[in-house]
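Trainee: One structure coming up, written as structure tokens, with questions to follow.
The values are calculated or read from the model by the stated rules, or taken from the named source; none is laboratory data. What you are looking at is a predicted structure, and each value in this text was computed from that prediction instead of being measured. Heads up, the Cβs are rebuilt from the backbone with ideal geometry, glycines too, and the neighbour counts pull from every protein chain shown.
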Amino acid sequence: MANSKTKSKLLRRTRIRKGTMLFKERLLKKVLRGQKTQTRRTHKRTLKPGRVYGIRSSYFGKPEGHIKILRTFKQRLGDISLEDVQKEGFKTLEEFQREWIKINGKWDPNQTVTVYEFQIAEEKINQSKIS
């Protein structure tokens, strides 16, 4: 039988709608300001180009904005370019690597990730979230 922590995680996962992408609060602010237009994910789920997805920083609550996926492709994490690092909202590869390790626990340059390029899809943005 699953313990309460496991049950809680399962409950949270089921509440994430298929049409939602989660970002850490500090990264969500960059998305809403237009400073982040690309993200790398390790999940198996694939978001579809041309579709609009809600974005938020927690499992619960309404989306804080919407993005339209422009392009998606697979890439080795170590093949990220400086241009892509900047699209991720960072100035240097080292800065991006530090953030990646904070979120994912380790930096493995051979890990294959899914890259999503996107743009803000809605003008109605909660202004308190981007300041």
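Trainee: Looking at Lys91, Lys124, which one is at pLDDT 95 or above and either of a type in the set (A, V, I, L, M, F, W, C) or out of contact with any Pro (no Cβ under 8 Å at 6 or more places or on another chain) (or both)?
Mentor: Lys91
Trainee: Another question, then. Can you tell which of Lys102, Lys74 is exposed (fewer than 12 other Cβ atoms within 10 Å of the Cβ), in contact with a Ser or Thr (Cβ under 8 Å, 6 or more places away or on another chain) and under 17 Å from Thr42 (Cβ atoms)? Before the answer, list the steps.
Mentor: Values: Lys102 fails: in contact with a Ser or Thr (Cβ under 8 Å, 6 or more places away or on another chain).
Within the list Lys102, Lys74, the selection yields Lys74.
Trainee: What residue, of Arg40, Arg45, Arg17, is within 19 Å of Phe96 (Cβ to Cβ) and either in a loop (DSSP other than H, G, I, E, B) or at pLDDT 95 or above (or both)?
Mentor: Numbers: Arg45 fails: within 19 Å of Phe96 (Cβ to Cβ); Arg17 fails: within 19 Å of Phe96 (Cβ to Cβ).
One residue alone meets the criteria, Arg40.
Trainee: Can you tell me how many residues in the stretch 87-99 are surrounded by 12 or more Cβ atoms within 10 Å (Cβ to Cβ) and either closer than 25 Å to Ile69 by Cα or touching a helix residue (DSSP H, G or I) at 6+ places or on another chain (Cβ under 8 Å) (or both)?
Mentor: Here the count works out to 9.
Trainee: Quick one: count up the residues across the stretch 44-57 that are under 13 Å from the mean Cα position of the chain (by Cα) and either surrounded by 12 or more Cβ atoms within 10 Å (Cβ to Cβ) or touching a residue at least 60 places away in the same chain (Cβ under 8 Å) (or both).
Mentor: Result for the stretch 44-57: 7.
Trainee: Next question, about the same structure. Any idea which residue in the stretch 58-71 is surrounded by the fewest Cβ atoms within 10 Å (Cβ to Cβ), counting only those that are in contact (Cβ under 8 Å) with a residue 24 or more places away in the chain and among the small types (Gly, Ala, Ser)?
Mentor: For the stretch 58-71, the residue satisfying everything is Ser58.
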